[in-house]
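Worksheet: the structure to be examined is printed underneath.
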Amino acid sequence: MASLALAPRPPAAATVLLRTSWGSHSYECTRVCWRRQRRGTHHGQAVRGGYSGGVTSASSVLRRQQQRQRILSLVGVRIGGRGGATVAHTASTTAAAAAAATAGEASQSSEDGSQASSTLPGSIDHVIGDELVLVVGGTGRVGRRIVARLAAAGVRVRVMTRDPSSAAAAELAAACAGGGAVEVVRGDVTESDAADGAGDEATNLRNAMRGCTQVIACFGAQRIARVTDVFTSPEDRDPEHPAAVNYRGVALLAALAAESGTVRRFVRVTGMSVGYPPMHIVAVLLNTVLSMTIRWQLRGEMAVRSSGVAYTVVRPGSLSDQPRAGGSVLLLGHGGAHVPAGKVSRDDVAEVITLATFHPAAANATLGIAGAMQPTGGIKSEMSWDPARGMHYRVVEMEAGVAEGTDVRAMLAGVAADCDDLHEKNHGPYVKAFVALLVGMAAAALRGLLSLVGRFVMSPA
């Protein structure tokens, strides 16, 4: 039988509405997400951070999901149909949610799984005075969404682009005409005279930075690697190379922000793969195809940290132009917490960036953001191997620094500043080994093909 009891307010930022237990597990329903905690032992060993055993079949995973659904039904969570589960969130603020928990009332589900809030949809918290935000890369797909949200909230925006007369810049200014003031100026962080700190381009960059209180750098290089890169040094010559854009361009902006004396927050948007180890297959593939982009993104983050300006680094997962589906949730991690990779809407990424730019909890913090098609309950499945069982899936709990839900404001409240230092990662050997493997496979395939052709040609009629 399940035991259901009201829970006292925990020290964490999220308000626990209800706590329940079923078997050897306990569950908590909060404003942000519901958490699953393991009690006792498993196979005679204490379990912390995950199972010591694992799940080897889909039926086992299904049974555990059904058990979670029974638990959620006890604490006011509505389980949807085949499209996924919908976590119920309270429709009031944190204080009202605490009062509802004291009275023993469960939170109410909304049809689309999103959380209602007492804050107006277009407003941004923690905006102090007359802010001026410089958005570098504001004409991109994420940048346009950021500019639109800032303008809708009445925040003044200055967009820096290489070509202010472009159709994209004109369209952006027209789309934001009804909100706050949007100014489009010219600037190019990859110009040589800008890097030298003198010349017309350096003057343009300083003029763009003048009077700004926040800087959002949401640009990046998408250069495809070439065979000739082996014999040349494109990172020193090509202005489109990630070294020029993701590293030197970002370092220049961060230095100018520190020089201005008015910038209070520098926000850099990179990617979740920057936090992967260099031997990770995703990191190896991206470095191979996109001219070592992860190496230069990492160096750019290091330059931002060392600039002396308060920073926020946002690392989104795989981006999608589609809005978040009903019943799906966001996963937001901070620090070194590993966020499970998942497709995330650019709308959600823009919302996280916009709110984190002014949020005090996000100062000097690194945020990872991904999406999940349905609430995970704080657990994930991952592939594992051991000599006795071979390859199998096991269920483990997510790290403590990962929050789940739909209320970005509530999740940002639980973010903590980085407590670790960034260090250079040696990506080169793994890329070289991967390229050598590809060359070897291609040579073997070509040799086999030539052998077959030779046999066909030399065979008697």
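Values as computed for the structure displayed
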read-out	value
Restricting the stretch 162-172 to residues that are of a type outside the set (Asp, Glu) and open to solvent by 20 Å² or more (accessible area, probe 1.4 Å), the residue that is nearest to residue 205 (Cα to Cα)	162
Failed item in (1) assigned to a strand (DSSP E or B); (2) over 23 Å from residue 260 (Cα atoms), with residue 170 passing the rest	(1)
Boolean, residue 325 is among the small types (Gly, Ala, Ser) and at pLDDT 95 or above	no
Check on residue 291, at pLDDT below 95, open to solvent by less than 30 Å² (accessible area, probe 1.4 Å) and at negative phi	no
Sole residue being farther than 16 Å from residue 142 by Cβ and touching a Phe, Trp or Tyr at 6+ places or on another chain (Cβ under 8 Å), chosen from 329, 289, 267, 309	309
Residue list for the stretch 149-161, filter: part of a loop (DSSP other than H, G, I, E, B) and surrounded by fewer than 24 Cβ atoms within 10 Å (Cβ to Cβ)	153, 154
Qualifying residue in the stretch 248-269 (condition: within 25 Å of residue 434 (Cα to Cα) and in contact with a helix residue (DSSP H, G or I) (Cβ under 7 Å, 6 or more places away or on another chain))	no
Residue satisfying all of: in the stretch 261-288; in a loop (DSSP other than H, G, I, E, B) and either touching a residue at least 60 places away in the same chain (Cβ under 8 Å) or open to solvent by less than 30 Å² (accessible area, probe 1.4 Å) (or both); nearest to residue 246 (Cα to Cα) among these	270
Tally, over the stretch 294-320, of residues that are in a loop (DSSP other than H, G, I, E, B) and either within 15 Å of the chain's Cα centre (by Cα) or at positive phi (or both)	3
Top-ranked residue of the stretch 200-242 - restricted to ones that are of a type in the set (A, V, I, L, M, F, W, C) and touching a Ser or Thr at 6+ places or on another chain (Cβ under 8 Å), ranked as most open to solvent (accessible area, probe 1.4 Å)	224
From 255, 221, 225, residue being touching a residue at least 24 places away in the same chain (Cβ under 8 Å) and in a helix (DSSP H, G or I)	255
Residue in the stretch 374-394 that is open to solvent by less than 10 Å² (accessible area, probe 1.4 Å), of a type in the set (Gly, Ala, Ser) and either at pLDDT below 90 or under 30 Å from residue 215 (Cβ atoms) (or both) present	yes
Test: residue in the stretch 211-225 that is β-branched (Val, Ile, Thr) and at pLDDT below 95	yes
Residues of the stretch 343-361 satisfying the condition of being surrounded by 20 or more Cβ atoms within 10 Å (Cβ to Cβ) and of a type in the set (Gly, Ala, Ser)	345, 350, 356
Condition check for residue 417: in contact (Cβ under 8 Å) with a residue 24 or more places away in the chain and among the small types (Gly, Ala, Ser)	yes
Every residue from the stretch 408-461 that is under 30 Å from residue 125 (Cα atoms) and loosely packed, with under 10 Cβ neighbours inside 10 Å	419, 420, 421
Single condition residue 239 does not satisfy, out of (1) at pLDDT 85 or above; (2) in a loop (DSSP other than H, G, I, E, B); (3) within 19 Å of residue 260 (Cβ to Cβ)	(3)
The stretch 370-390, residues that are in contact with a strand residue (DSSP E or B) (Cβ under 6 Å, 6 or more places away or on another chain) and either under 17 Å from residue 125 (Cβ atoms) or in contact (Cβ under 8 Å) with a residue 60 or more places away in the chain (or both)	370, 375, 377, 378, 379, 381, 384
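The values are calculated or read from the model by the stated rules, or taken from the named source; none is laboratory data. In this text the structure is predicted, and so the values were computed from the model without any measurement. Note: ideal-geometry Cβ built from the backbone for every residue, glycine included; neighbour counts use all protein chains shown. Areas reflect the complete protein model, heavy atoms only, side chains present, ligands, DNA and RNA absent. Shrake-Rupley method; radii C 1.70, N 1.55, O 1.52, S 1.80 Å.
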